[in-house]
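Reading through the structure tokens given below for one structure.
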Amino acid sequence: MFTFTKDCLIGVPEIDDEHKRLFELIAEVDTAVKADDNSVTTAMALLNELKQYAVTHFTHEEAYMASIHDPELERQQKEHQAFVDKVNSYRFSDINDETAKELILELLEYLSKWLMGHILGSDILIGQFEPSNKPTIPVFTEKYKTGIAMIDEEHKTLFDIIGKIHKAIDVELVHDKFDLILDILDELKEYTSVHFADEENYMKEIGYDGLVQQQLLHQKFIETLEELNLDEVDENQEAYLYEFLNFLQNWLINHILKVDKLIPVK
Ligand SMILES: [Fe+2]
Ligand SMILES: [Fe+2]
Ligand SMILES: [Fe+2]
């Protein structure tokens, strides 16, 4: 089970404190459910407290994001909602104590994993994105280098593919422009998977202890890439694409600078 570490700090003290408290609450429920006496009743009460605390926290976080006009607010709201729905999908009535214990432990496992993935993958980006509709083409410069040749090469390729998406969006009067963009996005998805696998293999090879966190982040990013669905967008596909592109490249830049650069050079 995950616990709060300094990697989880996003730099907004109120939010950091609440994240810390959420991990504490998860640990408290875990201890309660494993205790001998009245464990289920106590665990259930704590679980309810945890649920309520999570909802209050999301409200605070979303209000903070709205106050700084963070362009990621909508994506965050969706993620928070998915979490609430998942937690609410668990039913504990009419089951015996043993089954209830097992269910609670299963839910705790999900909660701690979700929380870690969400903080490192989404909350860490709060305040990092310019509220811009049209991002500029990212250029791979010295500051993005990790010093690990294979990783740097692959990151550069990712920048190049993103550059191609920019150019494709910018072309006017090409009637099959969106097909072209979708093709490049597929290329990006495929290459990203290859790159993440290579990077994770390198980390395994050198026995890097940040591997699990990286895997969580990578997996979440792939999931977000998969969510892109132009069919759902009838009007203003261009604005939607820019918004998506903005997310992609900001995520990548932030991930390289804050996470990948910590990987030791062999
Ligand atoms: Fe969040
Ligand atoms: Fe990377
Ligand atoms: Fe990475």
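A short reminder: the numbers here are calculations on the coordinates, not readings from a lab. The shown structure was predicted, so the numbers you read here are calculated from the model rather than taken from an experiment. Cβ atoms come from the backbone with ideal geometry, glycine included; neighbour counts cover every protein chain shown.
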Computed FRET value (nearest 0.05) for E205 with D7, which takes r as the C-beta separation and R₀ as 30 Å
0.90
Pairs of Cα atoms under 8 Å, at least six residues apart: use those to get the relative contact order of the chain, whole percent.
21 percent
Angle, helix 73-88 long axis vs. longest principal axis of the chain, Cα atoms, 0 to 90°, nearest 10?
30 degrees
Modelling each spin label as a point 7 Å along the Cα-to-Cβ direction, I'd like the A66/I222 distance in nm, to one decimal.
3.6 nm
As I understand it, the value is the acute angle between the Cα axis of helix 177-205 and the longest principal axis of the Cα atoms of the chain; what does it come to in degrees, rounded to 10?
60 degrees
Of T99, T146, T42, which has the largest mean-square fluctuation in a 10 Å C-alpha GNM of the chain?
T99
Between D97 and E187, Cβ-based FRET efficiency (R0 51 Å, step 0.05) works out to 0.45
Unit charges on C-beta of K, R, D, E only; dipole of the chain, Debye:
780 debye
Quick one: net charge around P264, please, counting Lys, Arg +1 and Asp, Glu -1 for every other residue with C-beta under 15 Å from its C-beta.
-2
At 0.36 nm per residue, minus the direct Cα-Cα distance, what do D176 and L105 gain on full extension? Give it in nm, one decimal, please.
20.5 nm
Cα axis of helix 237-258 to longest principal axis of the chain: angle in degrees, 0 to 90, nearest 10?
70 degrees
Hey, got the dipole for the stretch 142-262? About the Cα centre, +1 on K and R Cβ, -1 on D and E Cβ, debye to the nearest 20?
740 debye
Which of these, F221, F23, F92, has the largest mean-square fluctuation under a Gaussian network model of the chain (Cα springs below 10 Å)?
F92
Starting with the highest mean, order 46-59, 109-122 by the number of other Cβ atoms within 10 Å, averaged over the residues of each peptide.
109-122, 46-59
Gain on full stretching of the segment that runs from K86 to Y53 - 0.36 nm per residue minus C-alpha separation
10.3 nm
I want to verify a result. In a Gaussian network model of the chain, Cα cutoff 10 Å, which of these has the top mean-square fluctuation: I151, I206, I165?
I206
Students often get this wrong: which residues of the stretch 202-243 have the backbone nitrogen under 15 Å from the point 7 angstrom along Cα-to-C-beta of K113?
212-221, 223
